[in-house]
Structures are given as structure tokens and as C-alpha cells.
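Note sheet for the following structure.
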Amino acid sequence: MAELTTFELRLFEWIKQSDFENVAWSTRSAARSFKCKESEIYEGVASLSKKIPNRIQIYYENGNVHIAAE
């Protein structure tokens with residue numbers, strides 16, 4: 001995971017420790033937690049899905065986005 005930026009690594013670890021499989025993902029809440037803009041969260045999640053696609057799953061169910069990471 002050396003190819004991840006510090007922000008991406010922090011975001012990945014936060015996602016791993018959270019329950020966004022059962023609780024819907026909120027970009028606004030993530031941005032507040034990381035004290036950054038929502039666009040930075042979107043870019044970070046998109047980057048994670050490209051850089052480590054086998055370790056993160058993003059899916060849409062019942063009108064909500066869910067994210068799982070391992």
C-alpha cells in the first residue's frame with residue numbers, strides 16, 4: 001500500500017474501522033471527520049477504488065451508497 005498518499009491511507013483505515021456496509025455512507029460526515037472538502041473525500045474514495053480495487057468495495061443499495069474495506 002506504499003502507493004497510497006497519507007490522506008488515502010488515513011481514509012482507507014477509517015473506512016475499514018467503520019460500518020458503512022450496514023450504515024449508509026455520508027460524504028458530508030466524512031468531510032467533517034477529516035476537516036476537508038467533500039470533493040477531497042470523493043477524490044480519495046475514487047483513488048482508493050483504482051489503487052487497491054481488491055481491498056475496497058463500493059455499492060449502491062436501497063437508495064444509499066455503502067462501502068466495505070478490508
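Listing for the model above:
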{"quantity": "Peptides ranked, highest mean first, by Cβ atoms within 10 Å: ranges 12-19, 59-66", "calculated": "12-19, 59-66"}
{"quantity": "Gain in span if fully extended, E70 to S29, counting 0.36 nm per residue against the direct Cα distance", "calculated": "12.7 nm"}
{"quantity": "Gyration tensor over alpha-carbon atoms, the chain, equivalent ellipsoid semi-axes in Å", "calculated": "17, 15, 10"}
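Every number here is computed from the coordinates shown, using simple stated rules; none is lab data. Every value quoted in this text rests on a predicted model; they were computed, and no experiment measured them. Quick reminder, even Gly has a Cβ in these numbers, built from the backbone with ideal geometry, and neighbours come from all protein chains shown.
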